1. Give me a count of the residues in the stretch 70-88 that are part of a helix (DSSP H, G or I) and buried (at least 21 other Cβ atoms within 10 Å of the Cβ).
2. Failed condition for Lys134, given (1) exposed (fewer than 14 other Cβ atoms within 10 Å of the Cβ); (2) in contact (Cβ under 8 Å) with a residue 60 or more places away in the chain, with all others met?
3. When you go through Leu148, Leu122, Leu165, Leu192 one by one, which is the residue that is over 22 Å from Phe55 (Cβ atoms) and within 15 Å of the chain's Cα centre (by Cα)?
4. If you check Ser63 against the conditions, is it of a type outside the set (A, V, I, L, M, F, W, C) and modelled with pLDDT of 95 or more?
5. On the basis of being more than 17 Å from the chain's Cα centre (by Cα) and assigned to a helix (DSSP H, G or I), does Arg19 make the cut?
6. So which residues in the stretch 47-69 are among the polar types (S, T, N, Q) and in contact with a Gly (Cβ under 8 Å, 6 or more places away or on another chain)?
7. Would you list the helices (runs of 4 or more DSSP H) that sit entirely within the stretch 113-206 and hold 3 or more residues that are touching a helix residue (DSSP H, G or I) at 6+ places or on another chain (Cβ under 8 Å)?
Amino acid sequence: MEVPVPGRMTPNQELQQTRHELIARTHGFDCIECDFGAAKGKFLTESALLNPTVFFVGIEGLSERVRRSNKKIDRLNLPNAAVWRGWGWESLDALIPDGFLDTLHVSFPDPWPKRRHWFRRLVNVGFLEIAARKLKPAQESYHSGGVLRLMTDHLGYFTSMKEHLGDHGGWAEVPWQDKLERPITEFETIFLAKGDPIGRIAMTRR
């Protein structure tokens, strides 16, 4: 098996086989949320501290960030959080069973601002198809249905996200504020301090 190199993006490895570990770790929790692109784990660990009955799954591409996040989780003795290494939306499909998540967070993905790079943006119809499958249907979630929460500081990308949601279809907007205590993310802290506008939208499956 290839050994991940700290600090580098590496291909997804055996995430489907890791599903059994995820399912075992999340058993008995009221709801399950995923921070997709967990970065250094600030949002995930603070969310777990504030909401002990919710399990927070992190997916992050950089091996060293995954290692440090899980080390922090262990140091804080948090039974309701863990981070797995995965690269791209394929990792979400590989690790998370269908109909598993109450909430999926995608916070400040790379906006790829140059037009010739837009095809690299994460949030498109293909990604939304996977996200829709991973969220719980309405009758099984404490929401009206599993919720996708998107944030970006790039307003052009935010417009694109909403267009793709419309193109994919079957989504309905719900209030951003919900029943849980929500810390701010690392990037949110930076952009708020600079006074930059932030696009936020929460969507559920109809």
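1. First, the residues of the stretch 70-88 that are part of a helix (DSSP H, G or I): 70-75.
From the residues that got through so far, the ones that are buried (at least 21 other Cβ atoms within 10 Å of the Cβ) too are 73.
Total meeting the criteria: 1.
2. The failed condition is (1).
3. Working: Leu148 fails: over 22 Å from Phe55 (Cβ atoms); Leu165 fails: within 15 Å of the chain's Cα centre (by Cα); Leu192 fails: within 15 Å of the chain's Cα centre (by Cα).
Just one listed residue meets the conditions, Leu122.
4. Details: of a type outside the set (A, V, I, L, M, F, W, C): yes; modelled with pLDDT of 95 or more: no.
The answer is no for Ser63.
5. Working: more than 17 Å from the chain's Cα centre (by Cα): no; assigned to a helix (DSSP H, G or I): yes.
For Arg19, the condition - more than 17 Å from the chain's Cα centre (by Cα) and assigned to a helix (DSSP H, G or I) - is not met.
6. Selection gives Ser63, Ser69.
7. Values: elements: 125-134, 155-168, 186-194.
Here the list reads 125-134, 155-168.
A quick yes/no check of all residues on (1) out of contact with any strand residue (DSSP E or B) (no Cβ under 6 Å at 6 or more places or on another chain); (2) over 24 Å from Asp93 (Cβ atoms); (3) crowded, with 21+ Cβ neighbours inside 10 Å; (4) of a type outside the set (S, T, N, Q):
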{"site": "Ala24", "(1), (2), (3), (4)": "yes, no, no, yes"}
{"site": "Gly28", "(1), (2), (3), (4)": "yes, yes, no, yes"}
{"site": "Phe36", "(1), (2), (3), (4)": "no, no, yes, yes"}
{"site": "Leu49", "(1), (2), (3), (4)": "yes, yes, no, yes"}
{"site": "Phe55", "(1), (2), (3), (4)": "no, no, yes, yes"}
{"site": "Gly61", "(1), (2), (3), (4)": "no, no, no, yes"}
{"site": "Arg68", "(1), (2), (3), (4)": "yes, yes, no, yes"}
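The values are calculated or read from the model by the stated rules, or taken from the named source; none is laboratory data. Worth saying up front: this structure is predicted, and the values here are computed from it rather than measured. In this analysis, Cβ positions are derived from the backbone assuming ideal geometry, glycine residues included, and neighbour counts consider all displayed protein chains.
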